[in-house]
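The values are calculated or read from the model by the stated rules, or taken from the named source; none is laboratory data. Because the structure is a prediction, the values reported are computed rather than measured. Using ideal geometry, Cβ is built from the backbone for each residue, glycine included, and neighbour counts are taken over all protein chains shown. Just the protein is used for accessible areas: all its heavy atoms, side chains included, with ligands, DNA and RNA removed. Shrake-Rupley method; radii C 1.70, N 1.55, O 1.52, S 1.80 Å.
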Amino acid sequence: MNIRRRNRLWLICSILVGVGLTLALILYALRSSIDLFYTPGEIIYGKRETHQIPEVGQRLRVGGMVMPGSVVRDDSNPNSLKITFTVYDAEGEVDVSYDGILPDLFKEGQGVVVQGELQANNHVLAKEVLAKHDENYTPPEVEKAMQENHRRPAAAYKDNAS
């Protein structure tokens, strides 16, 4: 093999290694910013197709209904914005803690999407709470999950919790 071919081979190999390393770093960086959508039932039992259960510490979005009677505000400090509530669907319920201003449309029995980090015992520490609004558009993944998972009223969960 002459010098010119060997130099070309080294150049091509170094370019391929550089492109591969760049792609690996991009995918690694994107992995930490991805928030996967789950319903409360999927957090407890796993996704239907893959049976993937989220890990403690994982960032995620949880969509469901706010259980009536579950909203509890922190009364120990009148200036506190801390609140806890339960998000449910037909398969389970997840407790949520949030410290911040809630959307105007947030209320019990209303659909919400909570973005945050999963803690132990299926508890979500929310960074953001989005309430369902009056417009007709709903993201397809949320609409599908709502249709599949909200077959029972909230009262069915209160009876099971007792």
(message) Would you confirm whether or not the stretch 83-94 contains a residue that is touching a His at 6+ places or on another chain (Cβ under 9 Å), over 19 Å from Lys127 (Cβ atoms) and in a loop (DSSP other than H, G, I, E, B)?
(response) yes
(request) Can you tell me which residue within the stretch 37-81, out of those that are assigned to a strand (DSSP E or B) and over 16 Å from Leu130 (Cα atoms), is least open to solvent (accessible area, probe 1.4 Å)? (result) Val72
(request) Answer yes if at least one residue in the stretch 82-101 is open to solvent by less than 80 Å² (accessible area, probe 1.4 Å), closer than 27 Å to Arg31 by Cα, among the small types (Gly, Ala, Ser) and in contact with a strand residue (DSSP E or B) (Cβ under 9 Å, 6 or more places away or on another chain), and no otherwise. (result) yes
(message) Go through the stretch 1-36 and report how many residues are loosely packed, with under 10 Cβ neighbours inside 10 Å and basic (Lys, Arg).
(response) 3
